[in-house]
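Since the structure comes first, as structure tokens, the remarks are kept for the end.
The values are calculated or read from the model by the stated rules, or taken from the named source; none is laboratory data. In this text the structure is predicted, and so the values were computed from the model without any measurement. Here Cβ is always computed from backbone atoms with ideal geometry, including for glycine, and neighbour counts include all displayed protein chains. SASA here: full protein model, heavy atoms, side chains in, ligands and nucleic acids out. Shrake-Rupley method; radii C 1.70, N 1.55, O 1.52, S 1.80 Å.
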Amino acid sequence: MLRIYTAIVALSTAALIFAGGLVTSTGSGLSVPDWPNTYGWFMFTFPLDKMVGGIRYEHSHRLIASTVGFLILVLAVWLWRVEPRRWVRRLGYLALAAVVTQGILGGITVLWYLPDPVSIAHASLAQIVFCLTIAIALFTSTGWARGYATTGTAPDDRLLEKAAAVTTGWIYLQIVVGATMRHTDAGLAIPDFPLAFGHLIPPHWDAKIAVHFAHRVGALVATFLIVATTAHVFYHHRRRGELVRPSILLLVLLAAQITLGALTVLSGKHYVINSLHVVTGASVLATSLVLTLRAHRSRFVGSVGSRSQRVAARDGGARPIHASGEADNAGARA
């Protein structure tokens, strides 16, 4: 049940990012001017017939955010009660702290009339919350243990570890630049694609053009890093399904993201296309994170995984292996 619940939490967080993208794309951030209430109503009692125009997007975003916050609270308590690995429990606490901070930033964004730095921080932290829920879902999944048990050894490729980590870090920075572009209204600062005012490099500059062009250059770098990392996986680890699958998904999402980015400009920032671009970017980041964590699996299992396998073999397989490769010691929580 915990494995299913963590997947639900991660999917709900992705839905929240999409809803946040709709708020920004439709300019609905101040459609509800008070917080935490909605026009004086308690959030969950606000009449549905009053959810019109931008209120529909902003209030729906608040409802989804509150639901995600509650789901993560339950997840943190659940991990505290049943998860034997201290570091996984701490990830749950960190996710809870992050989503609470996220809610506070969202309130400040409204009460201070959408200041760019706070709005950008709000959008950037949303990606971290999503990554935390994805990581918890991965670490509590049967696949985290099954992939290790199938091959007999955890991946031990230092080049892949570094390449995947750099790729994930760069994708996050690219998303932050994208958030800066959206919240400073620079999404159409360069109105054509793939050229910039008919040139490879903009013939004139201002702050918005610079941010927009930086986002395009960052996308090129991200594309190179993703292709290089996945090519390394296909060449050196083609038999490791736990690495190949996220690599394939990463390339598919990359193609979708580039397409959505182009359509966002060519459609004049259509709110649905723009929001899909936001949530697909988050999915690219999450998939790269999964690949990175799986590439680093040897650092998670290490000697503990070897010891647990020896114990399991000695006991005839009677003792289960946890998702990290550790022997079941739920009764001996640190």
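Summing charges over neighbours of Val272, with a neighbour being any other residue whose Cβ is under 15 Å away from its Cβ, gives +3 when K and R count +1 and D and E count -1. Normalised by the number of residues in the chain, the mean separation of alpha-carbon contacts (under 8 Å, six or more apart) gives a relative contact order of 24 percent. Report summary: the helix-based calculation at 222 nm, which adds -39500 (n - 2.57) for every DSSP H run with n ≥ 4 and divides by the residues of the chain, gives -25000 deg cm²/dmol. Site-free segments of the chain were taken between chymotrypsin sites (Phe, Trp or Tyr not before Pro) in DSSP loops having at most 16 other Cβ atoms within 10 Å, sites themselves excluded; the longest one is 206-334. Counting only whole DSSP H helices of the chain, the ones at least 30 Å long by C-alpha along their axis and with mean Kyte-Doolittle hydropathy no lower than -0.5 are 2-25, 54-82, 86-111, 116-139, 158-183, 207-236, 241-266, 271-295. Expressed as a whole percent, the accessible area of the chain that falls on carbon and sulfur atoms is 69 (1.4 Å probe). For Phe197, neighbours were defined as the other residues whose beta-carbon sits under 14 Å from its Cβ, and their charges (Lys and Arg +1, Asp and Glu -1) total 0. Summing +1 for each Lys or Arg and -1 for each Asp or Glu among the other residues whose beta-carbon sits under 13 angstrom from that of Trp78 gives +2.
Residues considered: Thr133, Thr26, Thr45. Largest GNM mean-square fluctuation over the chain, using C-alpha springs under 10 Å, is found at Thr45.
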